[in-house]
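Structure first, then comments.
Each value in this text was obtained by applying a stated rule to the coordinates, not by laboratory testing. In this text the structure is predicted, and so the values were computed from the model without any measurement. A quick note on method: Cβ atoms are made from the backbone with ideal geometry, for glycine too, and the neighbour counts reach across all protein chains shown.
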Amino acid sequence: MNLMIFPSLGQEALKTGFYSSSCPNAESIVRSTVEAHFNKDPTLAAALLRLHFHDCFVQGCDGSVLIDAASSERKALPNLGLRGFQVIDDVKSQLEATCPGVVSCADILALAARDAVDLSGGPSWGVPTGRRDGRISSSSDASTLPSPLDSVAIQRQKFAAKGLNDHDLVTLVDPQWFEKLHLAPLRFASV
């Protein structure tokens, strides 16, 4: 599986270790907080990966799925069953106590998804960081998300439009993939 990178238009280049000077413990804070939640509820690994996938698939990995407003992506029908928001909120609180205003929610979500998959026994991968948080979040934008009611042909079209293939589709749409597969990280084409 390739990790979703989707840099938003106009963002500076992402790089591994982006916070090494401004918040050197950022990644370890994310991991330890995710691990504490994972130890209480291992199903959060799949939930965090799904949350990250839903964020990246709509407007790129910009954290816009985290915005909690009346007509935001978070309130869209495909996102009503998403879980893991409390983990991201907890990580953000921990980071704000150490490095206020430094680490973006978009990066927290990307790092948390990676750490959750790794903690579950799945693969780990380097996460380039330096994303800026999106400020626009519209429930209508979530219509691009693949639906379990879509035909396979429609799902394939939606994935292909994002630079993803059939392997990626099976990995991200099949809810049992954690039990069946250990895959290499997913890489979305830039949009």
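Using the Karplus curve 6.51 cos²θ - 1.76 cosθ + 1.60 with θ = phi - 60°, work out ³J(HN,Hα) for each residue of region 135-143 in order, rounded to whole Hz, and write x for Gly and Pro.
Working through the residues one at a time gives 10, 10, 8, 10, 4, 5, 5, 6, 5 Hz.
For labels at Val173 and Ser32 in the simple 7 Å Cα→Cβ model, what's the distance in nm?
Modelled inter-label distance: 4.1 nm.
How large is ³J(HN,Hα) for each residue in region 67-75, as worked out from phi by the Karplus curve 6.51 cos²θ - 1.76 cosθ + 1.60 (θ = phi - 60°), to whole Hz, x for Gly and Pro?
Taking θ as phi minus 60°, the curve returns 5, 9, 10, 3, 10, 7, 3, 4, 8 Hz for region 67-75.
Find the lysine pairs in region 26-180 meeting two conditions, Cα atoms under 23 Å apart and a separation of 8 or more places or different chains, and report how many there are.
So the count works out to 5.
How far is it, in nm, from the label point at Asp150 to the one at Arg135 when both lie 7 Å from their Cα along the line to the Cβ?
The two pseudo-label positions are separated by 3.0 nm.
Using amide H atoms built in the peptide plane, which far-off residues or other-chain residues are under 5 Å from Thr129 H to H?
Amide H neighbours of Thr129, under 5 Å, 5+ apart: Lys15, Thr16, Gly17, Phe18.
State the Cα centre-to-centre distance between region 65-113 and region 37-58 in whole Å.
11 Å
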